[in-house]
1. The chain: Rg/Rh from Cα coordinates, Kirkwood Rh?
2. Place the peptides 168-175, 236-243 in order of packing, highest mean first, counting for every residue the other Cβ atoms within 10 Å and averaging per peptide.
3. Let me have the relative contact order for the chain, percent, based on Cα pairs under 8 Å that are six or more residues apart.
4. Which whole DSSP H helices in the chain pass both tests: a Cα extent of 15 Å or more along the axis and a mean Kyte-Doolittle value no lower than -0.5?
5. Given R₀ = 30 Å, FRET efficiency for Q60-A11 by Cβ-Cβ distance, to 0.05?
6. By how many nm would the segment from V122 to E339 lengthen if fully extended, with 0.36 nm per residue of separation less the alpha-carbon distance?
7. Given the pairs K108/K211; K201/K233; K108/K233; K254/K309; K108/K201, which are separated by over 29 angstrom at their Cα positions?
8. Dipole size in debye (nearest 20) for the chain around its Cα centre, Lys and Arg Cβ +1, Asp and Glu Cβ -1?
Amino acid sequence: MPLDVLKAVQAEFLDFNHTGMSIVEISHRSAAYQDMQDETVGLMRRLLQVPDDYHIVFMQGGGSLQFAMHAMNFLKRRGGYLNTGVWSDKAMKAASFFGDVYEVASSKADGFSYIPKADTFVVQPDTDYVYMTSNNTIHGTEWHGYPSFDVPLFCDMSSDFMSQPVDVSKFDFIYAGAQKNIGPAGVVVAIIKDSLLAQAKEDVPVVLQYKTYVEHDSTYNTPPVFGIYFINKVMHWLEDNGGLEGAYRRNVQKAGIVYAAIDGSDGFYRGHAAADSRSLMNVTFNLPTAELEAAFVAQAAERGIIGLKGHRSLGGCRASIYNAVTEEGCRALAEFMEEFRKNH
């Protein structure tokens with residue numbers, strides 16, 4: 001999280017908005033809470049330029065619940081999936097409990113190392129929606145430009161949400177876990193188009209219907225109050241620092257620094273993702289041996305550069321450079337990479 005946000009949260013943790021209570025003590029039915037939630041939605045709507053015919057709601061259960069919930073609500077005949085990583089693969093498997101699912105395109109056979117091209121897409125008849133994951137944290141790939149279809153487009157944006165401008169009107173449903181770019185774990189943001197909501201199935205438990213969250217303004221049950229409050233602070237921080245255009249410029253610059261260290265290493269560092277599919281959020285790479293990778297991660301930690309071990313399903317190394325990571329931090333990593341290469 002941005003240091004300025006952490007300091008702002010710390011400064012008013014004992015007294016939220018002059019109520020004399022901490023944000024973790026106030027009622028979610030209070031005017032103080034409702035005003036804060038309304039402001040948060042307004043800030044997000046303004047930053048993303050969300051059209052008026054979309055609702056923004058806050059939910060719980062993480063992305064893993066959304067893997068099933070989107071299908072519970074909208075899968076009637078068959079769902080198409082752009083399978084570009086572990087998380088889209090999991091979503092497709094979860095959805096299969098509620099109807100027929102298939103791959104519109106996939107890079108699974110090649111280790112999820114690239115984003116499929118549009119000329120490989122095959123959308124079957126009677127498809128209710130196409131589902132995609134915008135950024136693939138484990139394999140370090142990201143969509144640069146979004147596809148379009150004649151059916152509703154769903155997107156899991158959990159790991160690059162609010163990292164760049166997005167044309168929300170290209171999508172009918174977007175969701176994002178907060179924990180990568182906009183807040184602590186425990187909150188999911190969902191952006192749902194009215195016309196899609198009108199098509200939702202009715203034979204779904206009330207707490208698992210998106211319509212419930214819209215009709216009750218995210219407060220059918222107790223919402224994750226602290227997480228939403230934290231998102232509010234991050235939205236203010238984004239707005240004060242150039243909006244999503246500013247975030248995108250910074251993220252391009254940061255990623256470029258780390259990728260330059262990989263590309264300039266004469267093969268010592270080998271990127272996992274194809275060059276045209278590289279993520280701005282997660283830089284994945286390997287060293288010549290597993291032993292060197294272990295030494296690299298350990299020595300980096302001694303320098304205060306932590307979290308570089310790759311996901312257990314892929315191995316290697318991964319630098320996650322979300323919005324709050326600074327350019328200085330990326331330069332420190334690149335300098336360490338060059339030093340380690342020279343010493344080995």
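1. Details: Rg = 20.8 Å, Rh = 21.2 Å.
The Rg/Rh ratio comes out at 0.98.
2. 168-175, 236-243
3. Result for the chain is 20 percent.
4. 31-48, 62-74, 225-240, 243-263, 290-302
5. After rounding, the FRET efficiency stands at 0.65.
6. Fully extending the segment from V122 to E339 adds 73.5 nm.
7. K108/K211; K201/K233; K108/K233; K108/K201
8. Working: 29 positive and 41 negative charges, 143 e Å.
Dipole of the chain, to the nearest 20 debye: 680 debye.
Every number in this text was worked out from the coordinates using simple rules, so none of it is lab data. As the structure is a computational prediction, the values presented were derived from the model and not from experiment. FYI the Cβ positions are ideal-geometry reconstructions off the backbone, even for glycines, and counts take in every protein chain you see.
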